[in-house]
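Worksheet: one structure, shown below.
The values are calculated or read from the model by the stated rules, or taken from the named source; none is laboratory data. This structure is a prediction, so every number in the text was calculated from the model and none was measured. Ideal geometry is used to build each Cβ from the backbone, glycine not excepted, and the neighbour counts take in all protein chains shown.
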Amino acid sequence: MNIFKSVASLLALTVLSAGVANAEDSNFGIGVRAGTLGLGAEIRWAPVPIVDFRVGANAYDLGSNGQYAGIDYDATFELESYYLTANINFPLSPFRITAGVFSNSNQMAMVGSEAVSYNIGGTIFSPAEVGTLTSTTTFDDVATYVGIGIDFEIFGKAGLNFDLGVLLQGDPVVTLESNMESANALLRDAIVIETAGLTDKMEYLKAYPVISLSIIYNF
């Protein structure tokens with residue numbers, strides 16, 4: 001994950017918000033958020049009372065250990081995304097509906113855990129035969145988002161925003177490699193079979209659930 005790019009984007013958002021905050025009745029706000037897409041920041045612009053637009057960035061590395069397609073992995077879900085959403089607010093209500101587009105760099109990076117043996121594509125291999133097993137799962141570069149939200153504000157300034165939705169990331173693209181496969185034709189064939197099984201296991205990430213809580217300040 002390009003953390004530098006994420007940090008630079010967050011700083012740019014802060015600078016931009018500071019610049020527009022000086023304009024009278026600017027209808028701009030700035031916020032920080034945490035949720036299933038990671039940690040992030042956003043700027044909100046409300047040109048009319050019932051519609052607002054939000055631009056922001058999210059980033060986080062979420063580590064876990066688990067079994068995928070019969071093999072244990074040390075996995076890291078590397079979250080990185082940039083977004084633009086349009087929000088329609090219901091009059092006299094905190095509820096809204098949201099739709100948007102994401103520049104999506106979310107990916108799953110995995111390294112096979114140490115084991116006595118590996119069942120790869122239905123064939124048993126020793127650790128010496130497999131070496132290091134690595135996998136990367138990526139998704140569409142551009143993803144769409146739909147969801148609902150609730151905005152609670154105090155005197156039109158500070159407030160809390162809650163979002164619930166789904167990020168449609170597209171079909172997973174899975175790579176699976178071993179540093180020993182070039183010298184082992186049987187292992188290469190097994191990895192092809194294993195990759196297909198691993199792709200099926202990653203299908204659950206194509207519609208990624210989004211839950212987040214934001215703290216907002218309106219200028």
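Observations, loosely collected:
- Here Leu133 does not fit the description of being under 30 Å from Val48 (Cα atoms), aliphatic (A, V, I, L, M) and under 28 Å from the mean Cα position of the chain (by Cα).
- Residue identified as out of contact with any Cys (no Cβ under 9 Å at 6 or more places or on another chain), modelled with pLDDT of 50 or more, surrounded by 15 or more Cβ atoms within 10 Å (Cβ to Cβ) and farther than 30 Å from Thr137 by Cβ among Gly29, Gly35: Gly29
- Which listed residue, of Ile88, Ile124, is in contact with a Lys or Arg (Cβ under 8 Å, 6 or more places away or on another chain), more than 18 Å from Ile215 (Cα to Cα) and free of Cβ contacts under 8 Å to residues at least 40 places away in the same chain: Ile88
- Take the conditions (1) of a type in the set (Gly, Ala, Ser); (2) at pLDDT 90 or above; (3) not in a strand (DSSP E or B); Ala12 misses just one of them, which is (2).
- Of the numbered criteria (1) among the charged types (D, E, K, R); (2) surrounded by fewer than 20 Cβ atoms within 10 Å (Cβ to Cβ); (3) over 27 Å from Tyr204 (Cα atoms), the one Asp52 fails is (2).
Let's see how each residue does on (1) free of Cβ contacts under 8 Å to residues at least 12 places away in the same chain; (2) more than 21 Å from Ile148 (Cα to Cα); (3) of a type in the set (Asp, Glu):
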| site | (1), (2), (3) |
| --- | --- |
| Ile43 | no, no, no |
| Gly70 | no, yes, no |
| Glu80 | no, yes, yes |
| Thr98 | no, no, no |
| Ser105 | no, yes, no |
| Met108 | no, yes, no |
| Glu114 | no, yes, yes |
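- Taken over the stretch 89-116, the residue count meeting the criterion of being closer than 16 Å to Gly66 by Cα and surrounded by fewer than 18 Cβ atoms within 10 Å (Cβ to Cβ) is 4.
- Flag for Ser81 being part of a strand (DSSP E or B), hydroxyl-bearing (Ser, Thr, Tyr) and in contact with an Asp or Glu (Cβ under 9 Å, 6 or more places away or on another chain): no
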